[in-house]
Structure formats: C-alpha cells, structure tokens
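Remarks on the structure that follows.
What follows draws every value from the coordinates through simple rules; no lab data is involved. Note that the structure is a prediction, hence the values are computed from the model and not measured. Here the Cβ positions follow ideal geometry from the backbone for every residue, glycine too, while neighbour counts run over all protein chains shown.
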Amino acid sequence: MMRIGTLYGIGVGPGDPELITLKAARILQQVSVVFAASSTKNSYSLARDIASVHLRKGIPVKLLEFPMTKQKEILDIAWHKNAGLVLDALKTGKDVAFITLGDPMTYSTFGYIMQTIQETDPDVPIKVIPGITSYQAAAASAGQVLAEGEESFTVISGAMGAKGLKEIIDHTDSVVILKVYRHFDEIMDTLEHLRLKERAVLISRCGLDDEEILSGSHYDTGFHPPYLSLLILHKRNCSHPPGRQ
C-alpha cells in the first residue's frame, strides 16, 4: 500500500518573512509541494511571497483559487475541488504544505481545507504549525499592550460590519477588529457613537514596506484603508497613542 503523505498547515506570519517560526521554515525545506490560496480574480498570493525565501529551489508552489463570495454552494464546490487537488498530491506519498497568512487556525482558508479533507479521507495525517497572527504583529508595531493583569481582550471580525462590536464592547477591556476595510465607515461611526473613536488605532499592511499606523484622529468619513487592515481598541486610556507613521 502506497504511503499517504502528511499535510502540514503552516502559518507564515503577517507579512515580514522574518516573522516565521523556525519549525515552519524547517518543514518548508522538507515538503515536496506547497499550496497557497488565491482569489479567482488574480494569481497573487502574499503567503507565497513570504514563504518564497524559505523554500528549496525548484519546489512547486501551486495556487488554489477561491471565489470571493458568501454563497455557500459556490464555496462548497471550491472547498471540495481544492481539497481534492491537495489529496491527489498526498496520495502520491508526497508531504505537502498549505501555507497561510498569520496562523492556520485563525480566520484561515486552511481550516476549511483541513475539515474537508478530514471528511473525505480521515486517514490523512495532518499537522498544524502555528504562526504569528496579524494582531500580535500589529500590537507590537503600534506599541499597544493588548491586555495586562486581569484584563481580557476579544478578537472579532469586521467582515459583517459593526454588529459584533456592539455585542461585546461592554464585556471586554480591549478589542481587535479584523477585516475592517469593507465596512470601515460603519465601524468608525459606531466607535464615535460609543465615544471610543479616539482610542482606536488602525494598523495597515503590518510588517510590509508600506506599513502604516494611524490613531483615531487621523481618519474621517470617506477614508478607505487597505485590505490588510485591522483596528486595536483599548477602552482604557492609552499612555502613548500613536500618530501617523
């Protein structure tokens, strides 16, 4: 019986190629095939760019297209098609890496691929290599302590607007809002209504050459942050609120 390869879900960090774990770099040197997600609208993959300096020369990097839609039927077709491509490589006995921005288990395409493969073939060995998340790197870049002492912090998605923020704001000390680019005005209007706008810090393209950090006083209605943007909000006063960098 032919050996089934191991699938490694590898987090390559938020953007800086040096923010990748030693274990991730070592495994990327060992696998035979690397997969990465891309949009059906283009063939670009930031995860591929980050990982490229850690790959052996000549190793194939295959992009899996995922549609940018919320229609479950279309997404299900994409999950199963792409999981099938990964399975085909694994069934040749090759060890395979699926690379993802940040951490594979945090708002990641890998989670869907992993679950689909587990449902299709439960015998496939899967190992997950954690990565530095965007909000960890953003907090470091902005000099923002996420929590200290007995404080709590909550990570939410802004993909559906400010609803999640309204629901948790009274039950946590700090909030990280990911995926803020699409509904940025709504989120900022909500923060202004809650009198928290001035305490919000926007970090865009963290770890990349054009990284930018803005405090709440630097953006008005009509400002549109880049795709790779998040907000960090402390309900307590920040001792050193950042300005434009």
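Numbers below:
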item	result
Simple label model, 7 Å out from Cα along Cβ direction - His171 to Glu192, nm	2.8
Cut-off of 10 Å, at most 13 other beta carbons, DSSP loop: longest stretch of the chain lacking such GluC sites (Glu not before Pro)	19-147
Normalised contact order of the chain, rounded percent, pairs of Cα under 8 Å and 6 or more residues apart	20
Calculated FRET value between Lys72 and Ser39, using beta carbons and R₀ = 25 Å, to 0.05	0.90
Lys pairs, the range 7-129 - Cα-Cα below 22 angstrom, 8 or more residues apart or on other chains	20
Folded to 0 to 90 degrees: helix 184-193 orientation relative to the chain principal axis, Cα	40
Quotient of C-alpha Rg and 2.2 N^0.38 Å, computed over the chain	1.09
The range 134-234 - Rg over Rh from alpha carbon coordinates, Kirkwood radius	0.93
Cα coordinate range in the range 35-152, projected on the principal axes (Å, largest first)	49, 38, 33
Lysines whose Cα lies under 20 Å from that of Lys197, excluding same-chain neighbours fewer than 8 positions away	Lys163, Lys166, Lys179, Lys235
